[in-house]
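The numbers here are math on the coordinates, done by the rules we state, and not lab data. A quick note: this is a predicted structure, and the numbers were derived from the prediction, not measured. Because the Cβ atoms are built from the backbone with ideal geometry, glycine has one as well, and the counts that use them run over all protein chains shown.
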Amino acid sequence: MPNSQTLVILNYFSDCYKELKGHSSGSDFRSFNSRILLAIYSEMTFPGLSIEADEMETHTLTSKLSEAWFAYETLLPNIVRLGFESEKPEKIKSYGSASTIQEAIALHRNFVSLGVPFGKASTFDDARITDAYLEILMEGSINDFCESIRNITSTADSRDKTQAYLLHLEEHSLGLQKDLLLLSYNAITNSIHTTTPHHVMSIAYAVRNQYVHAGETFSSGIEDLNIKSTLLAACFTFVSQYALIIATQLIIYSMEGKH
């Protein structure tokens, strides 16, 4: 079952979606509504398969996180159409002499960028959330994510294992997705950085890509399944909530007759 924060956001979305049904834009969010409910409420069982509980949990979370990402992707055309797209930076500042996480570790450098690489994970402009209640819900979702992963980033051993898994994701990513993961790596494993939605969404997108294109299994990239499950569960919860918040803001904007 979804947690209480997810249910609160889902109920707010559902109320707005019901009001939109008679509106000319009502069909624009039908696919999202179906997919996000599938992601949130789907359950998986493995009858007849000999599989450990932690292996089953990790695989299930990988699948559910991918489904949540697919639901978010259905919103991308509406984000662009309604003008909620992030501004594309003219030029991303080079990461100095390091271009990968591995190089940065070897050089003892911290990645710094003047802008956020533009990609699917950062398409929505978070500054465009104008509904006051959604702003509160967004803040709560980010805080809950950070709290959820605190136990895997607060000690050196678990933090090293978390970073190793992010290394695995980065190694199998391409182009701007690498840049986004570099920012995510710093943000969620370094307490001096503020975690933002695109940090979490970048990790989710990398997991989704691994799952769809590279045969991601429960043991991929990490041996400690408790750490992987903790990270995947936190990402799944946030992606579901973030997608619902975005959809609700877009619906409110549509109902106000601004489009």
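Computed over the alpha-carbon pairs of the range 151-196, the distance histogram in 5 Å steps reads 5, 23, 28, 24, 14, 4, 0 percent, short to long.
Viscosity 0.692 mPa s, temperature 37 °C: give me the Stokes-Einstein translational D for the range 1-65 in µm²/s, with Rh taken as the Kirkwood radius over C-alpha pairs.
Working: Rh = 14.0 Å.
In µm²/s, the coefficient rounds to 234.
The simple Förster model, with R0 at 25 Å and r as the Cβ-Cβ distance, assigns Tyr133 and Thr196 a FRET efficiency of 0.80.
Between Asp157 and Phe46, residue separation times 0.36 nm minus the direct Cα-Cα distance comes to 36.8 nm.
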